[in-house]
1. Compare the peptides 177-183, 75-81 by average per-residue count of other Cβ atoms within 10 angstrom and give them in order, highest first.
2. Binning every alpha carbon pair distance of segment 153-234 at 10 Å from zero, what are the percents per bin?
3. Whole angstrom only: what separates the Cα centroid of segment 189-257 from the Cα centroid of segment 72-100?
4. Highest first, please rank the peptides 212-223, 102-113 by the mean number of other Cβ atoms sitting within 10 Å of their residues.
5. Which order do the peptides 162-168, 205-211 take when ranked by the mean count of other beta-carbon atoms within 10 Å per residue, highest first?
6. Is segment 43-260 best put as rounded, prolate or oblate by its Cα gyration tensor, with a ≥ b ≥ c the root eigenvalues, rounded for a/c under 1.5, and otherwise prolate when a/b is larger than b/c, oblate when not?
7. For segment 122-195, max minus min Cα coordinate along each principal axis, in Å, sorted largest first?
8. Could you put 259, 96 in order, starting from the residue whose Cβ has the fewest other Cβ atoms within 10 Å?
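None of the figures in this text is laboratory data; all of them are computed from the coordinates on show. Model, not experiment: these values are computed from the prediction. Glycine gets a Cβ as well: all are built from the backbone with ideal geometry, and neighbour counts include every protein chain shown.
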C-alpha cells in the first residue's frame, strides 16, 4: 500500500505545467537525460488509460422508450439509463456530471494520461449503462469512474463512493482493485472539497452495491461517486458553483492519479 502524501487542491493542476528549459549542470546528467526526467515529472500518467463516465445525458428525458429498454446489467437486466436528478432550482445532474468530467479529463490529459469520456457532449441520449462499461473494457482502461449526484430527501447531505460488490461470474476480478481506487477517490474528494461523508447511506463515505450495471459489466477497476445531494440546499449551492466544480474535478483527478501510481 502506498501511503497518502499531503496534496493541496492545486497540486494536480500545478503538476500539469510543463517544465521550463532544463540546463545541464557540470558533473550532472546530460541535457537529453535532464529533459527526459523533466518530461517524466511533467507527465507522470503517460501510458495510463482512464475512462470517465458523466452520468446520464441531456436529452434522456425526451426519449423514454430508449432509456427504459432493458439491457444486460450483470446476471439480470435493468433500464438502459435514467434522466438523473436536479436541484430544486433546476440545475440538472447530467449538466453537473458532464462539467466535472470534462474538467477532470483536462487535468489528467495534462499529466499525460489517455482519457476517454463515455459521451462527447450533454445534448445526446444514453449511452446505456452496459455500453458505458463496455467502452472502458474495450480500451483496456487502467481505471474508470462514473460521476453522479444524488437526489435524496433534502435534509440529507454529503458524498459517498460506490464500490462494486462480489457478483459471481462478473465482478470478482475487479472487487479488490476497485476498493483501493475507491479509497483514493474518497480521501482526495473529502480533502479537496471539504464535502462531508453522506449522513444517510453507506459508512464513512463508502457504499457497496451489486445492482449497478455500470459496475457489474466492468472488467476494469471502477467506482461511482455521488458528489452530494442535489436536493439539499448546501450541497446544491456547491454543485451550482463553477469554482466548487473545479475543486471537485481537481480532487477526483488527484485521487485517480494516486491510485494509478500505486
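1. Per-residue Cβ counts within 10 Å, averaged per peptide and sorted highest first, yield 177-183, 75-81.
2. 20, 46, 27, 6, 0
3. Segment 189-257 and segment 72-100 have Cα centres spaced 14 Å from each other.
4. The densest-packed peptide leads the list: 212-223, 102-113.
5. Going from most to least packed, we get 162-168, 205-211.
6. rounded
7. Principal-axis extents of the Cα atoms in segment 122-195, largest first: 38, 34, 23 Å.
8. Sorted ascending by nearby Cβ count, the order is 259, 96.
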